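Values in this text are rule-based calculations from the coordinates and carry no lab data. All of these numbers come straight from a predicted model, not from anything done at the bench. Neighbour counts run over all protein chains shown; Cβ positions are idealised from the backbone, glycine included.
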Amino acid sequence: MTTFQELGISEPILKALNRMGFEEATPIQAETIPYALEGNDVIGQAQTGTGKTAAFGIPTIEKIDVHKKQIQALVVAPTRELAIQVAEELNRLGKFKGVRALAIFGGQQMDRQIRALKDGPQIVVATPGRLLDHLNRRTINISMVEVAILDEADEMLNMGFIDDIREILKSIPENRQTLLFSATMPKEIRDIATHLMRQPQEVKVKAKEMTVENIDQYFMEIPEKLKFETLNNHLDIHSPELAIVFGRTKKRVDEITDGLQARGYRAEGIHGDLSQAKRMSVLNKFKQGRIDVLVATDVAARGLDISGVTHVYNFDIPQDPESYVHRIGRTGRAGRTGEAISFVTPREIPHLHLIEKVIKSKMKRMMPPTYKDAQRGQQQVAVEKIEKVIARHELKDFHEAANQLLHDHDSITVIAAALKILTKERRDTPVKITAVAPISVKKAQRTKARPSNNKRYNRSNQGGRNRKGNFQKRRRRD
Ligand SMILES: Nc1ncnc2c1ncn2[C@@H]1O[C@H](COP(=O)(O)OP(=O)(O)OP(=O)(O)O)[C@@H](O)[C@H]1O
Ligand SMILES: [Mg+2]
């Protein structure tokens, strides 16, 4: 156990950590903070939800000179939501020192961001595309940056982003400190990373498996066409507090969301085609518990820290083992427990084994629950609701109606009718989800080649700016 005092952290940050309820440093924090404070470049790898944000945030904030109103540290993150979240955490950590972090990302008005940049934040957290736009328009000055951080470094350095990242790093003085963090770091990506750094210290928190132990991992072998009903059944039995359902494509996410809503679940979808305002409102609703199920593409897979996510469903098994690690890592954070359930079609079983091999852990087989199980589950939930109301003793106003019902019918019939009203009548609402082709091992095979030759990376992040600086169409996530 390492305390933050032992790490030599200054008083204003200790005060902030205390306010945030951080009592001791997590292993990745204990191991990387001293290196980073000494000015070393660091590659930090540790499992999801183990505090990597503060691991780079604390030493970065220590370095900031608050008397200077210029950008002294730059964090680059792959998605807008993550940029916002990281900036929030840095602002909490830097509160008593007076350090300000600003998030800049696509989908937000340029002039608003330009005004905010003129206000003199010392740290900027940006998505790559929007940051490049600012650099090209000369509306941001990062020439005084001393610390550059890539959060989700492997994602940032994969083929979709590498040219953008190189271009961004060119605008920062070479004697900068560079910090790279992620829960996953495939070898080919780490090789690229070391070329961008100066003798980096590699810190890998030792763990038998790539995923945290406190996530129970299951898979269900089911045909494609039964996935949706199975999801419904499982949700009914377990009534998760907060659940994330990952689908492979935007269309898929829309269909699952519409289907769940039609069946009466409080569900909403999030993916890259939605407006930024919509993305934020959906995520906020989920954080506040105003919706129970978030249906998402991989846009929500990395870095998002939402407390209370008890279940992650892979409605579609992800292509890459890394993606699996990040997706299921949305639960079981900061020592809490969670469940991850992956739906696998019979032809995808070899792909499942491939993922298990890479992440060095096994998923337990779970039998798909039946509609009967789900009905029983729902009834149980309804019974619990009734018991809760009984416990509150606020039923006097209903006595007269109850007496009348019991006068006309026997008690079992009356209670059964009440239970029926409290449970969803799913059969009345047919839902059709367009089938997708299974993932085959061959298609998803990991190659040892550098990412520039690696179709896996090219396919998943098509386009971007080419070397001449022209735009190509691609899936941009900023
Ligand atoms: N030392 C600490 N003590 C208690 N809680 C902590 C500590 N450090 C971080 N946390 C909390 O743990 C949660 C996870 O932290 P964080 O988001 O930084 O994880 P991560 O390692 O970056 O995960 P991911 O790989 O998914 O991005 C956050 O809610 C954070 O506030
Ligand atoms: Mg993180």
Sequence-distant or interchain residues sharing an amide H contact under 5 Å with Val295, placed H: which? Val245, Glu268, Gly269, Ile270
Sorting Met185, Phe96, Met159 by the position of each Cα along the dipole of region 69-204 (Lys, Arg +1; Asp, Glu -1; all at Cβ), the one nearest the positive end of that ordering is Phe96
Would you list which aspartates and glutamates come within 16 Å of Lys360, measuring only between C-alpha atoms, while excluding same-chain residues fewer than 8 positions from it? Glu209, Glu213, Asp216, Asp320, Glu322
Test of understanding: what is the full-extension gain from Gln109 to Lys360, defined as 0.36 nm times their sequence separation minus their Cα-Cα distance? 86.0 nm
From the backbone phi of region 41-56, what are the Karplus-calculated ³J(HN,Hα) couplings (6.51 cos²θ - 1.76 cosθ + 1.60, θ = phi - 60°) in whole Hz, Gly and Pro given as x? 6, 9, 10, x, 10, 8, 4, 4, x, 10, x, 5, 4, 6, 4, 8
Is there a pair in Lys250/Lys278; Lys15/Lys208; Lys225/Lys364 whose C-alpha atoms are over 25 Å apart, and which pairs would that be? Lys15/Lys208
Just to be sure I understand: if I project the alpha-carbon convex hull of region 5-204 onto a plane and average over all orientations, what area do I get in nm²? 10.2 nm²
I need the calculated FRET efficiency for the pair Arg138 and Ala116, taking r as the beta carbon distance and R₀ as 25 Å, to the nearest 0.05. 0.95
Summing Lys, Arg as +1 and Asp, Glu as -1, what charge do residues with Cβ under 13 Å from the Cβ of Val66 carry, Val66 excluded? +4
Might you report the magnitude of the Cβ-based charge dipole of region 1-124 about its Cα centre, with Lys and Arg at +1 and Asp and Glu at -1, to the nearest 20 debye? 660 debye
Once Lys and Arg get +1 and Asp and Glu get -1 on their Cβ, which of Gln276, Pro368, Asn232 lies farthest toward the positive end of the dipole of region 209-444? Gln276
If you put +1 on each Lys and Arg Cβ and -1 on each Asp and Glu Cβ, how big is the dipole of the chain around its Cα centre, in Debye rounded to 20? 1780 debye
Leu226 versus Glu213: modelled label distance in nm, points set 7 Å from Cα along the beta carbon direction: 3.4 nm
Mind checking the dipole of region 5-204: about its Cα centre, +1 per Lys or Arg Cβ, -1 per Asp or Glu Cβ, Debye to the nearest 20? 820 debye
Rounded to 0.05, the calculated FRET efficiency for the beta carbons of Asn175 and Val441 at R₀ = 41 Å is 0.35
Selected from Gly8, Gln108, Gln47, residue furthest toward positive end of dipole (region 1-136; charges at beta carbon): Gln108
Cα centroids of region 397-429 and region 158-226: how far apart, whole angstrom? 55 Å
Semi-axes a, b, c in Å (a largest) for the chain, each sqrt of 5 times a Cα gyration tensor eigenvalue, come to 43, 27, 21
Take the alpha-carbon centre of region 302-352, take the same for region 90-155, and report the distance between them in whole Å. 30 Å
Explain nothing, just compute: Karplus ³J(HN,Hα) = 6.51 cos²θ - 1.76 cosθ + 1.60, θ = phi - 60°, for every residue of region 72-85 in order, whole Hz, x for Gly and Pro. 10, 9, 10, 10, 10, 10, x, 10, 4, 4, 5, 4, 4, 4
